[in-house]
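Nothing in this text is a laboratory measurement; each read-out follows from the coordinates by a stated rule. Quick caveat, the model's predicted, so the values are computed rather than measured. Note: ideal-geometry Cβ built from the backbone for every residue, glycine included; neighbour counts use all protein chains shown.
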Amino acid sequence: MHSSFQYKGSEFYMEGVSLTEIAESVGTPFYVYSYEFLRDSFTAYKKAFSEMDTLICYSVKANSNIAVLKAFSDLGAGYDIVSGGELLRVKRAGGDLGKVVFSGVGKTREEMKAAIEAGILFFNVESEEELHVLDDVGKEMGRKAPVALRVNPDINAKTHPYISTGFKKSKFGIEIGRAFEVYKEANKMEGIDVIAIDAHIGSQIFDLTPFVDSVKKLITLADDLVKEGINIQYIDIGGGLGISYKLDDKPPHPSMYADIIMKEFSGKPYKLVLEPGRSLMGNSGMLITKVLYLKEGTEKKFVIVDAAMNDLLRPAFYESYHEILPVVKGSQSKEVVDVVGPICESGDFLAQDRELPKVASGDLLAVLSTGAYGFVMSSNYNTRQRVPEVLVKGDQFSVIRKRETYDELLNLEELPDFL
């Protein structure tokens, strides 16, 4: 674990703050993030790629809390966004809109217009039809939309199929064999300014070989386009570097990643854009939950907690693993349990067949590595309130998103006159 997280005696701390103290203040369940961890993660990327012209665009979809975005902005980050809502969040956080890249397969005309007006760095265009719509929007506004085509390099990222995005069968990007012709077409459009190439092959990747294979293809394509007179300035290689979900996982460090990428860029004129998300925020966060009941089944023992799949979807959705530790060390004896939530679904679990220290009703558990794709994927299923988010910095903590009230949850609903 990062030095930001440690037991002091029997008590689990994030930086200088006891997790029990936060629980007593805000109630459970809640998400909590370490500023020190996210700062150190970003700084590791910045230092690793310092020898070349690099823009690190934090992937907003990983964790879009405005305070988190502000923290990355203060560190010098740009942003990778996938919706008009995320663009608004970057504005609210005071982020540099000239460092924004806009990805995603389904951008609307309204989102395109807002992004052009905001002055973003470029769009990552995912299809030929999207390119024509963006051209129309640019012409209607009397502007040229800055564009990269997202290229699908047909690379096996060797990760979970739900988060592998570089195959030919993926919905993302334009097949690399078709990209050259589409680029030539785009370069003739009145509402388009072609300036970049983009690819993103997947997420939670430990083997660096697929990154090298993808970058080689992107640089070859960029070189061919420049020979054609097309002004490629940026190569955006996406994100995807893995993190440790198990305590003994050993993902590659950004410095290892930088060494192999910068070798491929050696002597090339292109500026590099990165889109890390999970590797900046994933291990920074925890979901803190309280044990409600213990239940002995005929074949299993269940620890029923107050957090559920609506709070943390990843175990149900991806069958993903998250370490779980007691917030206060107690019993030394262990038992194999399922950690489950109150939702009426068999898929509502945080861990299955997990050996954990024995717990009792009222004990607190910390679900680790939930800083990315935790709160942002949460929902109100079963009319459950979305939980608060807390940021810790040194010996201070602050609620950066309040727990929803039932009034906030229900106020958008109306009874029609005919009922």
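Numbers below:
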read-out	value
DSSP bridge orientation in the chain - percent antiparallel, rounded to nearest 5	50 percent
Given charges at Cβ of Lys, Arg, Asp, Glu: the chain dipole, positive-most of Ser331, Ile176, Ala93	Ser331
Rg/Rh (Cα only; Kirkwood hydrodynamic radius) as it applies to the range 35-279	0.94
Relative packing of 204-212, 332-340, 143-151, which averages over residues the other C-beta atoms within 10 Å, highest first	143-151, 204-212, 332-340
Partner aspartates and glutamates for Lys188 [C-alpha distance under 19 Å; skip if fewer than 8 residues away on the same chain]	Glu126, Glu128, Glu129, Glu130, Asp135, Asp136, Glu140, Asp223, Asp224, Glu228
Using alpha-carbon coordinates, inclination of helix 209-227 to the longest axis of the chain, degrees	20 degrees
Violating pairs (Cα-Cα greater than 20 angstrom) within the set Lys113/Lys144; Lys91/Lys271; Lys46/Lys246; Lys358/Lys393; Lys217/Lys268	Lys91/Lys271; Lys46/Lys246; Lys358/Lys393
Rounded to 5, the percent of DSSP beta bridges in the range 1-121 classed as antiparallel	50 percent
For P(r) over Cα pairs in 10 Å bins from 0, in percent, calculated from these coordinates, the label among (i) 4, 21, 29, 23, 15, 6, 1, 0; (ii) 5, 22, 27, 19, 14, 9, 3, 0; (iii) 5, 22, 31, 25, 13, 3, 0	(i)
Packing-based ranking, highest mean first, of 273-283, 302-312 given that Cβ atoms within 10 Å are counted	273-283, 302-312
Value at 222 nm in deg cm²/dmol, rounded to 500, when DSSP H runs of n ≥ 4 in the chain each add -39,500 (n - 2.57)	-8500 deg cm²/dmol
Packing-based order for 55-61, 3-9, 73-79, 103-109, using average beta carbon neighbours within 10 Å, highest first	55-61, 73-79, 103-109, 3-9
Inter-probe distance in nm under a simple model that places probes 7 Å from Cα toward Cβ, at Val226 and Gln352	5.1 nm
Two-decimal log10 I(q)/I(0) for the range 40-84, as the Debye equation yields it once each C-alpha is a single scatterer, q = 0.17, 0.25, 0.32 Å⁻¹	-0.48, -0.93, -1.26
Neighbourhood charge, 14 Å Cβ-Cβ cut-off, centred on Lys300 and excluding it, Lys, Arg +1 and Asp, Glu -1	-3
